[in-house]
Amino acid sequence: MRESRVGVGVIGLGGISSHVHLPGLRLCPQAEIAALCDINPDLLQQCAQEYGVAHTFTEYGDLLQHPAVDAVVIATPTNMHAPVALAAIAAGKHVLTEKQLGMNYAETVQMYEAAEHAGVRHMTAFTYRFVPAMRYLKHLLGQGTIGLPRHLRIARLMDVPETHLGWRQKRALAGAGEVGDMGAHRIDFCHDLIGPIARVIGLTRTYVPLRPGRDGIPAPADVEDFASFIAEFAEGVGVEQGTVASFNLSKVAKGRESGGRSLDEFEVYGTEGTLIYHLHRPHEITLGSAGGILETVPVPRDFLAYPGSPRDPLVGEPTTTFRYDQDFAFIQAIVAGNSDIPTFYDGMRCQAVIDAVLQSAQERRWVDVADVPPVTVPLAATAT
């Protein structure tokens, strides 16, 4: 690193990088966008001009060899996460990888173990951990505000146009459909807020099996666009009788377009009350107590942004700007040793649940989640 600034290479310049990672990194005083990589030369040039980046590449291996790059953000289709991350780790780079972390559990174990062995900082892009309402909800759960959690209701319902066949609709590129795309974030919520998931039973559907490709000719979409599953938490998590969560995920919920009318809720029902998060109201939560009514509670100022974040949480569209804190937290983990980020370990144990849900839907039975290896000793705070 040069003069305490982290040189970051961004690999994959689609919507996530354009709307989240690049503007987020630009806000970080201790980061410099050192290089960009994409297979689309026009998009590469456009982003380079907008962010003033001199070093551009169409091959990720060339970017990894550049001396100005200390860390990378990987925002490619899922099938490239492991190859790019493992190459970056071998090159000694710190790595932030989009979710879902890998194509399957075995891949994510390899990624996690490689990063730990190399001693680099590693992060899974579970962006919604940085929603102010979610940060405050975690605080209240930790304070015992609603007692012990009994059951959870989790919903992410969207109306995504059926007129496009992208990489997310192809299993060979995405690894999974809705379970891995939107489900990954919600599974991570459960792990972060409640505890490990032990077993699942699920059902998936592909309601739109054909979508027009770039040439307008319909082609197969072979991943699920709807999923519903029940998760049972591990013994000792929540109440004695066993804490459970129900998930409903859809990209074909008509009338719930992906803007303000989509449904994104996370509800926790405890022994003493209820806590509810709504993505589209990121600066407030809903709280209810036993025998009372549900009330809207504003998120305190201290929870509106990640500690030390350079952004003003009261400026900009709040459903967008919280995402910038993710990249700031990644940089802080490198320069200051912050340990409160979702790592490859979190991506790995999430992937174990994704695989179990897909297996359950295929075999139409309860499936135990793969045993996740224990966390190793935390990495040293000093980055190289």
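Coordinate-derived values only; no laboratory data. Please read these numbers as outputs of a predicted model, since none were measured by experiment. Cβ: placed from backbone, ideal geometry, glycine included. Neighbour counts: every protein chain shown.
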Summing -39500 (n - 2.57) over every DSSP H run of at least 4 in the chain, dividing by its residue total and rounding to the nearest 500, the 222 nm mean residue ellipticity is -8500 deg cm²/dmol
What three numbers, in Å, describe the spread of the alpha carbons of the stretch 130-302 along their principal axes, ordered from the longest? 56, 35, 27
The ³J(HN,Hα) series, computed from each phi in the stretch 223-235 with the Karplus coefficients 6.51, -1.76 and 1.60 at θ = phi - 60°, rounded to the nearest Hz and given as x for glycine or proline, is 10, 6, 9, 9, 8, 9, 8, 10, 10, 10, 6, 5, 4
Return the FRET efficiency for the residue pair GLN359, GLU257: r is the Cβ-Cβ distance, R0 is 35 Å, and the value is rounded to the nearest 0.05. 0.65
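Between the DSSP loop rule and a limit of at most 13 other Cβ atoms within 10 Å, which trypsin sites (Lys or Arg not before Pro) in the stretch 246-350 are left?
Details: sites: LYS251, LYS254, ARG256, ARG261, ARG301, ARG311, ARG323, ARG349; in loops: LYS251, LYS254, ARG256, ARG261, ARG311, ARG323.
When the trypsin sites (Lys or Arg not before Pro) of the stretch 246-350 are filtered for loop state and at most 13 Cβ neighbours within 10 Å, LYS254, ARG261 remain.
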Can you give the Rg to Rh ratio of the chain, both from alpha-carbon atoms, with Rh computed by the Kirkwood formula? 0.95
Listing LEU64, LEU25, LEU193 by rising number of other beta-carbon atoms within 10 angstrom, fewest first, gives LEU193, LEU64, LEU25
For the chain, with +1 on Lys and Arg beta carbons and -1 on Asp and Glu, the positive-most of THR319, LEU64, ILE74 along the dipole: THR319
Using the Kirkwood radius built from alpha carbon pairs, what does the Stokes-Einstein equation give as D for the stretch 1-49 at 4 °C and 1.567 mPa s, in µm² per second? 116 µm²/s
Counting sequence-distant residues (5 or more places) and residues on other chains, those with an amide H built under 5 Å from that of PHE126 are none
Quick one: order THR296, THR78, THR343, THR145 by neighbouring beta-carbon count within 10 Å, fewest to most. THR296, THR145, THR343, THR78
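Give me VAL237, VAL84 ranked fewest to most by other Cβ atoms within 10 Å of their Cβ, as a rough exposure proxy. Don't skip to the answer; put the middle values down first.
Working: VAL237 17, VAL84 22.
Ordered by Cβ neighbours within 10 Å, fewest first: VAL237, VAL84.
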Counting other Cβ atoms within 10 Å, keep those with at most 14, restrict to DSSP loop, and tell me which chymotrypsin sites (Phe, Trp or Tyr not before Pro) in the stretch 62-154 are left. none
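Taking R0 as 41 Å, what FRET efficiency do you get between ASP312 and ASP222 from their Cβ-Cβ distance, rounded to the nearest 0.05? Intermediate values should be presented prior to the final figure.
Values: r = 44 Å, r/R0 = 1.07.
Calculated transfer efficiency: 0.40.
If packing is taken as the average number of other Cβ atoms within 10 Å across a peptide's residues, how do 4-16, 42-54 rank, most packed first? Before the final figure, lay out the partial values.
Working: 4-16: 20.2, 42-54: 13.8.
My ranking of the peptides, most packed first, is 4-16, 42-54.
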Residues with amide H under 5 Å of THR56's amide H, sequence separation 5 or more or different chain, H placed in the peptide plane at 1.01 Å from N; which? LEU36
Quick check on the chain: of the DSSP beta bridges with both residues there, what percent are antiparallel, nearest 5%? 60 percent
